[in-house]
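The structure appears below as C-alpha cells.
The values are calculated or read from the model by the stated rules, or taken from the named source; none is laboratory data. The shown structure was predicted, so the numbers you read here are calculated from the model rather than taken from an experiment. Here the Cβ positions follow ideal geometry from the backbone for every residue, glycine too, while neighbour counts run over all protein chains shown.
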Amino acid sequence: MRFLVDAQLPIALARMLQHGHESKHVADLKMMETPDRDIWLWAKQSKSIIISKDEDFVILYSADVSLPSSSLGVTTQQAPLAETHQAELDGRHSQARAWERDKKTAKNTL
C-alpha cells in the first residue's frame, strides 16, 4: 500500500508506516503549503491513500466521479486521548462506587 500523510499529522506517522508500506509525508514532497486539491490530485495520480484529519478531502472525494464508492475511509473527528482515558476512569469509578454501595447494603441486611 502507498500512503500520503497530510500536513496536520506528524511526520513520524509517515515514518512508522514505512515499515511495510510505501509512505510519504507532504513535507517530504515540499507540499506543506500546497492546496488540498493539488495534494488530492498528486495522491490520485500516484495511487496513494491520503491520511488526514481534513474534511476537505471528503468533499474532493465526493466530487470525483472517477472513483468507486468503496475507495475512501474517513474519520474527521478524534477524541483527545486525555478525554478517552478520563471517560474510562469515570466508568471504573462508577463501578467501584456501585460495588461499595452493594457491599454496604449486603452487610446491613445480614
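Filtering L29, L13, L41 for residues that are at pLDDT 75 or above, more than 21 Å from the chain's Cα centre (by Cα) and part of a helix (DSSP H, G or I) leaves a single hit, L41. Just to be sure before I move on: is A7 modelled with pLDDT under 80, on the phi < 0 side of the Ramachandran plot and among the aliphatic types (A, V, I, L, M) in the structure I sent? So A7 does not fit the description; no. Within region 48-64, can one find any residue that is more than 19 Å from the chain's Cα centre (by Cα) and at pLDDT 85 or above? For region 48-64, residues more than 19 Å from the chain's Cα centre (by Cα) and at pLDDT 85 or above: absent.
Let's see how each residue does on (1) closer than 17 Å to L60 by Cβ; (2) surrounded by fewer than 14 Cβ atoms within 10 Å (Cβ to Cβ); (3) in contact (Cβ under 8 Å) with a residue 24 or more places away in the chain:
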residue	(1), (2), (3)
V5	yes, no, yes
P10	no, yes, no
M16	no, yes, no
K24	no, no, yes
W42	yes, no, yes
Q45	yes, yes, no
